[in-house]
Structure formats: C-alpha cells, structure tokens
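> Here you go, one structure.
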Amino acid sequence: MTPPSPLLWVGLELKAGKVPALLDTRAQFSCIRSDVLRYLHQRGEDSTLLPCSLTCLLADGKKVQVENAVRLRVNLLGFSWDYVFKVLDEGPFPAILGLDFLRHTRMGVDLCSMTYSFAFNPSVVGSLSSAKLIGGEEPFFQQLCSEVANFTTITQTHCNNLDWAVLMDEFPTLFTASLGTAKCTPYDIELTDLTPVRSPPYRCAPPKLQILKQIVNELLEQGVIRTSKSQYVSPAFLVPKSGGDFRLVVDYRKVYSKITFDSYRMPSVEQAFEHFAGARVFSVLDLNSAYFQIPLTPPQPPYYGVLHPLWVI
C-alpha cells in the first residue's frame with residue numbers, strides 16, 4: 001500500500017509578509033484563518049471585511065458557519081491578484097488555496113517534481129514544499145512557517161511509521177485478498193442497435209500470452225468473468241504497469257460507439273459529504289482493480305464479450 005500524498009504548500013506573499021498556504025484541490029473556496037487576518041490588519045494590510053454567509057464542512061467533517069470574507073492583494077512567483085478569501089475562525093492551516101483560486105489564476109501543479117506554474121507563463125516555476133517556505137523577519141510569519149514544518153513532519157512521520165499489517169488486523173472487514181463487488185447500482189448497458197460487433201484478436205508474443213492466460217485464469221477463479229458464446233467480441237491485450245507487472249485491457253471501442261449514454265449531474269463535494277453522516281472509517285485507499293468490482297446487469301446477449309487469443313470469455 002502507498003501512504004497518503006504529502007501536503008502541498010506555497011508561500012503566499014502579501015504586503016505585510018509571506019503566509020504559508022495549503023494547496024487543496026478538495027476545497028471549493030479559498031480561506032484564511034482569522035488570527036492571521038488580524039495580524040495582517042495590524043501591519044497595515046488592506047483587509048476590509050465583506051459580508052458572507054455560508055456553512056461549510058472542514059476536512060474533519062465539522063460544520064462551521066462562515067460569516068466574513070476579505071479581499072486581499074496576493075502575489076505568487078511575481079504575479080499578483082486581488083482575490084476574495086473566506087475567513088475561518090479556526091483550523092490547522094494559516095491559509096488554503098482551493099479550486100476557485102486554481103481556476104481563477106490558471107494554476108497548474110506537477111506532483112512528480114512538486115512544482116507549480118501558471119498557464120499564461122509556464123516558464124516561471126515555484127516549489128510545493130514546506131521546507132522552501134521562508135517567513136521573513138517578522139516573528140509571527142516565522143512562527144507560521146514553523147507550525148507548517150512541524151505539522152508536515154508529524155504527518156510524514158506518522159505515515160512512515162504506520163504498520164499496514166496492524167491496520168489490516170484492526171479493520172479485517174475492510175481488506176481482503178480477493179476481489180469483491182462495489183456497493184453501487186449495477187451498470188445497465190443499453191445499445192442504440194442490436195447489430196453484433198466483432199473484432200479479431202490482437203497478436204500476442206508467447207511470453208506475454210502466458211501472462212495473459214494467467215490473468216484470465218485468476219479472474220475466472222475469482223468469478224469476475226465467465227466463459228461465454230457471445231456474438232459480441234472485443235479483443236484483449238496487455239499494458240505494462242510502472243512496477244513491472246501487466247494490466248489486462250479490453251478494446252471496447254466498437255461497443256462504446258453503440259452505447260446510449262446516461263446524462264446525470266456529478267454531485268458536488270458538499271453533496272458527497274452529506275453521505276458521510278454516521279461513517280466511522282475514512283480512507284484515501286482506492287479499490288483494488290476497481291473496474292472489475294463494478295457490477296453489471298446481465299444483458300442478453302452479453303455485450304462485453306472478450307476475445308482471448310485462445311478462447312472467448
């Protein structure tokens with residue numbers, strides 16, 4: 001298992017000094033902590049409060065009422081914006097840059113190099129690391145950077161010292177060595193016409209053919225797939241993973257071209273949080289082979305027949 005990703009920090013420059021800000025793509029709006037705003041006001045920062053009334057959910061699931069917002073002149077990498085931040089009375093982070101700020105500034109993030117830039121001038125690049133934050137001479141800003149550095153160190157130490165075997169023993173119902181079925185509505189495939197589609201198998205070198213047969217046999221044993229005599233046949237092939245293994249992929253393009261797509265609106269983050277009520281376990285771990293765990297309704301004939309180089313499944 002992979003530990004959670006590191007927190008992404010930037011140094012948000014204002015007239016009074018530099019404030020460490022968490023880059024959070026899960027946040028719908030950007031915010032600043034009230035004690036930070038009070039200090040900025042004392043240092044002569046233009047921080048006139050604006051009327052605001054909304055209820056938001058923090059990362060820990062706590063509901064808070066936001067009653068104030070403030071327009072601040074902020075600077076990143078030499079580029080400046082006048083931007084409105086919601087004011088939070090509490091929270092572990094001095095400031096948060098949410099999706100609204102990323103969209104407004106056209107900010108892009110490279111997680112591989114832990115850097116960020118802006119679409120209008122991608123040649124100017126900044127670092128996303130608490131170790132790179134410099135608070136300046138003011139003790140208040142130095143204290144904010146120390147809080148961020150300590151918080152990041154504690155988080156990384158906890159992740160590095162986490163014993164995944166102990167975690168799985170503590171929550172045995174959440175982990176399994178075999179594939180299961182996701183608790184969701186079965187996906188119903190409806191085609192625009194009933195003319196079968198067929199494709200010949202892709203060529204497969206003998207070494208890869210053995211790997212393909214092994215993967216297919218494992219899926220058969222786990223009940224994910226079954227043998228069939230479907231008139232709908234799509235070819236299967238292997239794609240290498242970064243760790244050296246292979247992933248089974250099926251070319252369903254001919255079937256997809258006939259699917260009648262459902263139109264429905266994706267839920268917002270707030271709507272998704274509403275379903276967390278009563279939940280006791282929260283995790284960033286993904287489903288193992290998630291596509292194999294999504295249930296399908298049994299159409300007649302089966303539209304998702306797969307052509308193995310040796311047989312149809």
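> Between region 241-293 and region 21-52, what is the C-alpha centre distance in whole Å?
Distance between centres, Cα-based: 35 Å.
> What translational diffusion coefficient, in µm²/s and rounded to a whole number, does the Stokes-Einstein relation yield for region 9-161 at 20 °C and a viscosity of 1.002 mPa s, taking the hydrodynamic radius as the Kirkwood radius over Cα pairs? List each step's numbers first, then the result.
Values: Rh = 16.0 Å.
Estimated diffusion coefficient is 134 µm²/s.
> Continuing with this model, one more query. Charges at C-beta only: +1 for Lys and Arg, -1 for Asp and Glu. How large is the resulting dipole of the chain about its Cα centre, in Debye rounded to 20?
Working: 28 positive and 29 negative charges, 230 e Å.
So the dipole magnitude of the chain works out to roughly 1100 debye.
> While we're here: Restricting to DSSP H runs of at least four residues, report the calculated mean residue ellipticity at 222 nm for the chain, -39500 (n - 2.57) per run over all residues, nearest 500 deg cm²/dmol.
Rounded to the nearest 500, the figure is -7000 deg cm²/dmol.
> Test of understanding: what is the full-extension gain from V269 to A165, defined as 0.36 nm times their sequence separation minus their Cα-Cα distance?
Working: separation 104, 0.36 × 104 = 37.44 nm, distance 3.15 nm.
In short, 34.3 nm is gained.
> Please quote Rg/Rh for the chain to two decimal places, taking the Kirkwood radius as Rh and restricting both calculations to Cα atoms.
1.07
None of the figures in this text is laboratory data; all of them are computed from the coordinates on show. For clarity, every value in this text was computed on a predicted model and none was experimentally measured. Backbone-built Cβ (ideal geometry, glycine too); neighbour counts: all protein chains shown.
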